[in-house]
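One structure is given here, and the rest of the page talks about it.
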Amino acid sequence: MRVLIVEDEHGIAQSIRKGLLQEKYIVDVAYDGMTGYDLASDNGYDVIILDLMLPKMDGASVCKKLRNDSIHTPILILTAKGSLHDKVEGLDIGADDYLTKPFAFEELLARIRALSRRPQQVEKNILIVDDLLLSTTTYEVKRGNSIVHLSSREYSLLEYLMRNHDQVISKNQIIEHVWNYDSDILPNTIEVYIKNLRKKIDMPFPTLSPLIQTVRGFGYKIS
């Protein structure tokens with residue numbers, strides 16, 4: 001297994017490197033964010049251990065740039081910043097796990113093993129159907145090179161359709177998954193939202209194939 005350590009404290013980086021080498025890992029080390037980003041972009045790592053407080057480029061920026069580049073290598077943030085806000089922020093920018101300093105090396109090893117067992121497809125925060133892209137971390141929606149602006153409900157509906165692309169989804173399924181269980185939603189409301197999505201996803205792109213389809217008598221699908 002190949003691991004990249006991005007850590008500016010040389011003592012910590014070398015200590016982790018030494019421990020991982022003893023466990024038969026292949027290990028590279030970067031002491032600043034820019035070098036870490038370059039290595040992570042150009043080499044196939046199984047896990048990246050990433051500090052947040054880094055020179056040249058901070059860890060949060062490294063993580064965001066990698067995810068924006070569609071690099072979905074599991075990222076373990078290793079940092080002294082241990083507040084709940086810091087942890088939530090780290091996971092929201094695309095990291096997969098979070099470990100605060102000081103830490104036990106045995107726990108670090110266990111977390112690396114757990115991350116390496118996850119299928120890569122599960123780690124993706126980008127949903128893609130044809131030329132339509134939806135980010136579940138930045139909430140950005142793009143068709144081709146054009147940004148599509150959606151309301152929060154439209155976004156939730158589109159995300160549900162894209163997670164189930166090529167499958168026919170009934171109005172009742174949409175109500176159950178996109179609205180709260182106690183919401184008083186009529187089936188006609190779904191038709192309105194589907195129409196609004198078409199106006200933003202399909203109609204502005206007349207030269208492209210429409211993605212949102214009605215399957216009469218059954219529901220809708222995106223494919």
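The values are calculated or read from the model by the stated rules, or taken from the named source; none is laboratory data. Everything quoted here is computed from the prediction, not taken from an experiment. Cβ sites come from the backbone with ideal geometry, for glycine too, and all protein chains shown count toward neighbours.
For Ile194, all conditions in the list (1) loosely packed, with under 11 Cβ neighbours inside 10 Å; (2) in contact with a Phe, Trp or Tyr (Cβ under 7 Å, 6 or more places away or on another chain) hold save one; what is the number of the exception?
Failing condition for Ile194: (1).
Being buried (at least 17 other Cβ atoms within 10 Å of the Cβ) and hydroxyl-bearing (Ser, Thr, Tyr) is the filter; apply it to segment 73-109 and report the residue that is modelled with the lowest pLDDT.
Thr79
Do you know which residues across segment 1-19 are touching a residue at least 40 places away in the same chain (Cβ under 8 Å) and closer than 22 Å to Arg117 by Cα?
Met1, Arg2, Val3, Leu4, Ile5, Val6, Ile16, Gly19
If we only count helices (runs of 4 or more DSSP H) wholly inside segment 112-223, which ones have 3 or more residues that are of a type in the set (A, V, I, L, M)?
152-163, 171-178, 187-201
Conditions tested, residue by residue: (1) in contact with an Asp or Glu (Cβ under 8 Å, 6 or more places away or on another chain); (2) at pLDDT 95 or above; (3) farther than 23 Å from Glu106 by Cα.
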residue: Gly11; (1), (2), (3): no, no, no
residue: Ile16; (1), (2), (3): yes, no, no
residue: Tyr25; (1), (2), (3): no, no, no
residue: Asp28; (1), (2), (3): no, no, no
residue: Leu39; (1), (2), (3): yes, no, yes
residue: Asn43; (1), (2), (3): yes, no, yes
residue: Ile48; (1), (2), (3): no, no, no
residue: Asp51; (1), (2), (3): yes, no, no
